1. For the stretch 70-79, check the following and say yes or no: at least one residue is without any contact (Cβ under 8 Å) to a residue 12 or more places away in the chain and of a type in the set (Asp, Glu).
2. Which residues, counting only those in the stretch 103-135, are modelled with pLDDT of 70 or more, farther than 30 Å from Thr21 by Cβ and not β-branched (Val, Ile, Thr)?
3. Determine which member of the set Ile166, Ile138, Ile100 is in contact with a Leu (Cβ under 8 Å, 6 or more places away or on another chain) and modelled with pLDDT of 90 or more.
4. How many residues does the stretch 85-97 contain that are touching an Asp or Glu at 6+ places or on another chain (Cβ under 9 Å) and modelled with pLDDT of 90 or more?
5. Quick one: which strands (runs of 3 or more DSSP E) sit completely within the stretch 51-108 and have at least 3 residues that are touching a strand residue (DSSP E or B) at 6+ places or on another chain (Cβ under 7 Å) and open to solvent by 10 Å² or more (accessible area, probe 1.4 Å)?
6. Does the stretch 31-50 hold any residues that are open to solvent by less than 40 Å² (accessible area, probe 1.4 Å) and of a type in the set (Phe, Trp, Tyr), and which are they?
7. Which number in (1) buried (at least 19 other Cβ atoms within 10 Å of the Cβ); (2) at pLDDT 85 or above marks the one condition that Lys153 misses?
Amino acid sequence: MIDAFISLLRNTISNTDEFITVEQEIRNLENYVKINQVQYGDHVKVEYYIPAQCMELKLPKLILQPFVENAFFHGFPEGRTGCIQIFARLEERYLRFDDIEDNGVGMNAETLMLLKQKEKIKGEHFTGIGVNNVDDRIKMIYGMDYGINIVSKEESGTTVTIKIPIRK
């Protein structure tokens, strides 16, 4: 866990580059998951489905972590078991993380609507700030045609899709 923590800190704080490769982002995410599994147990599995041709593409740092964090803490409360799956694919001129999905408790329609409207959500440890930060950063860097989309249904889980242009 200490090695994972040191690596995560080194790659997020010491590396001042705004863009990193998908491979680096996944490595950071794997370290983040290891730390959480040591602290909370391994009742939540994380699976990665990232094609080799995506690994050297560039993306803004810390784009995936807030969604995995939300899935860990909100999708699987009180030791509930489940799985988070992260899929990436190339689509013409786009890189899509299609999808970051979990089979957790999901969100009700009101919470999802507030999140999409970028309203502050009242709830223990959840404000939507990380999610909105990622969407705002993507739109600021790439334009309004890019960003995140979230679909969720109570007791069915949540799916997040992230769309950014291909950048080598």
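1. Looking through the stretch 70-79, at least one residue is without any contact (Cβ under 8 Å) to a residue 12 or more places away in the chain and of a type in the set (Asp, Glu).
2. Gly106, Met107, Asn108, Ala109, Glu110, Leu112, Met113, Leu114, Gln117
3. Ile166
4. The qualifying residues number 5.
5. Once the strands (runs of 3 or more DSSP E) in the stretch 51-108 are filtered for at least 3 residues that are touching a strand residue (DSSP E or B) at 6+ places or on another chain (Cβ under 7 Å) and open to solvent by 10 Å² or more (accessible area, probe 1.4 Å), what remains is 82-91, 94-102.
6. The one that is open to solvent by less than 40 Å² (accessible area, probe 1.4 Å) and of a type in the set (Phe, Trp, Tyr): Tyr32.
7. (1)
The values are calculated or read from the model by the stated rules, or taken from the named source; none is laboratory data. In this text, all values refer to a predicted model and were calculated from it rather than measured experimentally. Because the Cβ atoms are built from the backbone with ideal geometry, glycine has one as well, and the counts that use them run over all protein chains shown. Note: areas computed on protein heavy atoms with side chains; ligands, DNA, RNA excluded. Shrake-Rupley method; radii C 1.70, N 1.55, O 1.52, S 1.80 Å.
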